[in-house]
1. Can you give the extra length, in nm with one decimal, that the chain gains between Ser172 and Ala349 once fully stretched, where that is 0.36 nm per residue apart less the Cα-Cα distance?
2. Reachable aspartates and glutamates from Lys237, Cα under 16 Å, same-chain residues fewer than 8 places away excluded?
3. Using just the helices of the chain, give the 222 nm mean residue ellipticity in deg cm²/dmol: DSSP H runs with n ≥ 4 each add -39,500 (n - 2.57), and the total is spread over all residues, rounded to 500.
4. For region 382-482, just run the numbers: alpha carbon Rg, then divide by 2.2 N^0.38 Å, N being how many residues it has.
5. Hey, any idea what % of region 175-247's accessible area is carbon plus sulfur with a 1.4 Å probe?
6. For region 292-340, which semi-axes, largest first and in whole Å, follow from the square roots of 5 times the eigenvalues of its Cα gyration tensor?
7. What nm distance separates the two modelled labels at Glu448 and Cys93, each placed 7 Å from Cα along Cα→Cβ?
8. Packing-wise, with mean Cβ within 10 Å as the measure, how do 69-80, 348-359, 388-399 rank, highest first?
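The values are calculated or read from the model by the stated rules, or taken from the named source; none is laboratory data. A quick note: this is a predicted structure, and the numbers were derived from the prediction, not measured. Don't worry about glycine lacking a Cβ; one is built from the backbone with ideal geometry, like all the others, and counts go over all protein chains shown. Note: accessible area is taken over every heavy atom of the protein model, side chains too, but ligands, DNA and RNA are not part of it. Shrake-Rupley method; radii C 1.70, N 1.55, O 1.52, S 1.80 Å.
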Amino acid sequence: MDNDVILQMSNIEMNFPGVRALANVNFTLRRGEVHSVMGENGAGKSTLIKCLTGVYQMDSGSIVFDGRHIRPNSVSDAMKLGISSVYQEVNLCPNLTVAENIFIGRQPMKAGALIDWKKMNRLSREALKKFDLDINVTKNLDTYSVAIQQMIAIARAVDIDAKVLILDEPTSSLDKDEVKRLFEVINKLKSEGIAIIFITHFLDQVYEISDRITVLRNGELIGEYLAADLPQIELVKLMVGKELEQMTKLKKTSHTDEHKVVVEAKNVSVPASIQDIGLTLTEGEVLGFAGLLGSGRSETAKALFGIDRISDGTISVRGSTVQLRNPAMAIKQKIAFCPEDRKSDAVVADLTTRENIVLALQGRMGMFKYISKKKQKELADKYIKLLGIATPDAEKKIGELSGGNQQKCILARWLATEPDALIMDEPTRGIDVGAKAEIMKLTLELCENGMAVAFISSELEEVIKLSNSVVVMRDRKKVAELRGDEIDHDRILEKIAGGEQA
């Protein structure tokens, strides 16, 4: 094996019941490089990483790490070898101090059985100093932002002599400045010879930080490429296996004066949240929301769904003023809501796909009007087929599906309630390019059938592509509303930066 190569995975096979997750996949990682693994959800990225880190035991194949054959039996085995992972959801203990998290399982001891707290705190400060991070290591982890928690997780990984660092969706919850800082850390680690496996759905970031790119599709290796030699549009084609133009050929519904207002908010405010918001959700149209993180987009969605109680203003549904004191009241008004954080707020991982799909409908009907298992299966099968949910059957646990298919299941859950208005908060976050296009296409199809849709996304191009109108928000206020030809990338950015309040 080439001396520059620190990791060689060869002919990796991994099968699950009814699913071939990896088929003879090869992967090569070199010292001091950032190597991105790209592919749609379900392409095999996570499975490959889990084989490397001992979460899964591969069916066949070999792994050569730093010149010797290995077969980790657990994550701790992999860490002892020098292979560490940092995930989107920081896998540390929020109720422990920063120092305890950095040294968990390897605390410095004194007098045989006592933790040397003074030494542990000092060593923790030294570990963080390498990343220009000067914080109080005696405070609990949850005192700090997600960005700092990720830096702490990386510092821990490096401090245990990691030779390979796996970063799985590390930027999903970070703003631009935090991403910039993370990339500075990554480049520093590269210069020290650490090899980095980088997994993300942000294509621009791939090209900003990567030396090489490996593409997987349907559990198979499509190829390994130098990032500098692979145009972005070609990467997308390799990932999805079809022309980009075919994948994203979306056409907005056209506005007519005959379209009726489904939901209207007038001068709506929520204490310490949003101020004086006015908007309308109209049947057959998409109302997009644009604004930076923290601008009030999600807070507005929560107010419209009754999660947050409004203190001022009114909300009307089909012309009648309603009091939305909780989500159950919103559901009765035929309003549906796909939340931003599907893992925490939507997906019930241990329930089946069928049980997840019927959850909202059963909740609206109440516990004394139980939906029969036969009817549940009919509904689940209907929406699995309608939305193209990739699952062997409706009885597979939703937690075992890819992110994109989980998102489709949550959409199916709300479609089963036959809503008039659908609020979608970051429906394409953390899913692959192909699944994003499918969700966007489904959104437009729902509008064509008369549904009113509120679409919130941090991806401005998605908002522009889908929306008939765009509400621009800044500092928890609505600063503009653009319609038709006014919906323009530069104009929206100008409003976000300094537009007049609408």
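1. 61.7 nm
2. Result set, ordered by chain and number: Glu40, Asp204, Glu220, Glu224, Asp229, Glu245, Asp432, Glu438.
3. Result for the chain: -10000 deg cm²/dmol, rounded to the nearest 500.
4. With N residues counted in region 382-482, Rg over 2.2 N^0.38 Å equals 1.15.
5. That fraction is 46 percent.
6. Equivalent ellipsoid of region 292-340: 19, 13, 9 Å, largest first.
7. With each label point 7 Å from Cα toward Cβ, the separation is 5.4 nm.
8. Top of the packing list down: 348-359, 388-399, 69-80.
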